[in-house]
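Reviewing the structure listed below.
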Amino acid sequence: MSDGPETATTEAAPGGELKALIAEARALLAPAKEAFSGANDLKQLEDLRLEYIGKKGKLSGLNRRMGKLSADEKPIAGKVINEHKAQILDLLKSRKEQLEMKALSQQLSGERIDVTLPGVRPARGSLHPVEQVTQEILGIFRDLGFHVEEGPEIENEWFNFDALNMPDNHPARDMQDTLYTERGHVLRTHTSPVQIRSMKKLDPPMAVVAAGKVYRHDSDATHSPMFHQMEGFLIDEDVSFGHLKGVLHEFLRALYGADVKLRFRPSFFPFTEPSAEVDVWWEAGNKWLEVLGSGMIHPNVLENGGIDPENFSGFAFGLGIDRLACIKFQIPDIRLLYENDVRFLRQF
Ligand code: DAH
């Protein structure tokens, strides 16, 4: 657009400049329509906006020329220019909407989601190795006709010690090993108190197994302050050590295979008399491994459970489940079981 010389020439005829301004404003519309509808992206559109209605644009050029009009003509020219500016703004707006729609639908078709593709499946958890072994052992004893009981982890000292023939001065009650809670209670140090709870609850004959967590103040490669035990016992008339041997042999055959070799080694537990520890022959390591403690239930223990030792006898045994899990899965350090590292746990 050319400002200077043209203005000078139209100045001569009064009313001529107004007519020229109006004509020029009108003449802008047709090319503007064509240009705006031909704009193919937002950048081109912005260029057109500047060309037509920007500060240095065509309509502003017309505006500036209004200074040469008479006071009567100014409002007329101003109105015409504003109307044209409004029309160009409309052109801009509608083309902008079209382009934005186009951009959006292009983006959407690019981002199209194929709902028939297979999804990402959440990782599947599995039973902890200790739980697997627990289930397996409980299953073997269920098959042998044993019934499953449970007991509390915060246990009364009487059930945990006294009732099991472990008097007040017994070394196992030492603060070094036992985790005491409030007066008269401990975190159970073994599952044996379930024997007493079950005796009080059931009438003989009874064959019970109970598995769960136990706690001791102890931690190294073969000891964790929390670990798992399983207790088992059977009470009836005339139960003998032979029954104990038969049941444990059956159990260890089911767990380690029909040709398992075991030996009973004399031992001592306050709650059994006589007592024995059982070792299993570990072929790969070429040595005996201690797997459980057992014995004939001490008459005092039967009495504390409310059972008459004159009429009934029984056997009991207790084993460390974590130890069995370590042997079964060849885990070198018992503490690995409780770090909850999924890379470790996934292997089982
Ligand atoms: N309670 C014993 C412990 O924690 C294990 C045990 C040994 C349990 C002999 C028994 C048993 O029932 O007869 O080490």
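Among the residues of the stretch 286-332, just one is more than 23 Å from Leu234 (Cα to Cα) and either acidic (Asp, Glu) or not assigned by TED's automatic domain parsing to the domain that holds Phe161 (or both), namely Asp322.
Scanning the stretch 262-312 for residues that are small (Gly, Ala, Ser) and under 22 Å from Gly246 (Cα atoms) turns up Ser267, Ser275, Ala276, Gly293, Ser294, Gly295. Put simply, of Leu337, Leu292 the only residue that is under 43 Å from the mean Cα position of the chain (by Cα) and away from the ligand (no atom under 16 Å from the Cβ) is Leu337.
Here is the figure for the stretch 153-174: residues that are within 21 Å of Ser224 (Cα to Cα) and either without any contact (Cβ under 8 Å) to a residue 12 or more places away in the chain or not assigned by TED's automatic domain parsing to the domain that holds Asn300 (or both) total 2. Of all residues in the stretch 207-227, those satisfying the criterion of being within 13 Å of the ligand (Cβ to nearest atom) and at pLDDT 95 or above are Val208, Val209, Ala210, Ala211, Gly212, Lys213, Val214, Tyr215.
A quick yes/no check of all residues on (1) in contact with a helix residue (DSSP H, G or I) (Cβ under 8 Å, 6 or more places away or on another chain); (2) within 16 Å of Val301 (Cβ to Cβ); (3) among the aromatic types (Phe, Trp, Tyr):
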site	(1), (2), (3)
Asp143	yes, no, no
Ile154	no, no, no
Asn160	yes, yes, no
Asn165	yes, yes, no
Asp174	no, no, no
Met206	yes, yes, no
Ser219	yes, no, no
His223	yes, no, no
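In a residue-by-residue description of the stretch 75-83, the property of being outside any helix (DSSP H, G or I), outside the structural domain of Leu255 (by TED's automatic domain parsing) and either surrounded by 15 or more Cβ atoms within 10 Å (Cβ to Cβ) or at positive phi (or both) applies to no position. None of Asp174, Asp218, Asp162, Asp168 is among the acidic types (Asp, Glu) and more than 18 Å from Phe271 (Cα to Cα) except Asp218.
Residue-by-condition table, conditions (1) in a helix (DSSP H, G or I); (2) within 16 Å of the ligand (Cβ to nearest atom); (3) under 21 Å from Glu136 (Cβ atoms):
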residue	(1), (2), (3)
Val260	no, no, yes
Glu273	no, yes, no
Glu277	no, yes, no
Val301	yes, yes, no
Arg323	yes, yes, yes
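Considering only residues in the stretch 159-197 that are surrounded by fewer than 17 Cβ atoms within 10 Å (Cβ to Cβ) and within 12 Å of the ligand (Cβ to nearest atom), the one that is modelled with the highest pLDDT turns out to be Asp177.
Tallying residues that are part of a loop (DSSP other than H, G, I, E, B), touching a residue at least 40 places away in the same chain (Cβ under 8 Å) and buried (at least 18 other Cβ atoms within 10 Å of the Cβ) within the stretch 35-65 yields 1.
Away from the ligand (no atom under 16 Å from the Cβ) and small (Gly, Ala, Ser): does that describe Ala284? Can you show your working first?
On the way: away from the ligand (no atom under 16 Å from the Cβ): yes; small (Gly, Ala, Ser): yes.
Yes.
Close contacts from the stretch 23-34, counting a first residue that is surrounded by 11 or more Cβ atoms within 10 Å (Cβ to Cβ) and a second that is of a type in the set (Asp, Glu), with Cβ to Cβ under 9 Å and a gap of 6+ residues or different chains, come to Ala25/Glu83; Ala32/Glu51. Would you point out the residue of the stretch 215-232, among those that are farther than 23 Å from Asn304 by Cα and among the acidic types (Asp, Glu), that is surrounded by the fewest Cβ atoms within 10 Å (Cβ to Cβ)? Ranking the qualifying residues of the stretch 215-232, first place goes to Asp220.
Note on the stretch 96-116: among residues that are part of a loop (DSSP other than H, G, I, E, B) and not polar (S, T, N, Q), the one that is farthest from Leu45 (Cα to Cα) is Val115.
Answer yes or no as to whether Gly212 is assigned to a helix (DSSP H, G or I) and either surrounded by 16 or more Cβ atoms within 10 Å (Cβ to Cβ) or not basic (Lys, Arg) (or both). For Gly212, the condition - assigned to a helix (DSSP H, G or I) and either surrounded by 16 or more Cβ atoms within 10 Å (Cβ to Cβ) or not basic (Lys, Arg) (or both) - is not met.
The values are calculated or read from the model by the stated rules, or taken from the named source; none is laboratory data. Because the structure is a prediction, the values reported are computed rather than measured. Here Cβ is always computed from backbone atoms with ideal geometry, including for glycine, and neighbour counts include all displayed protein chains.
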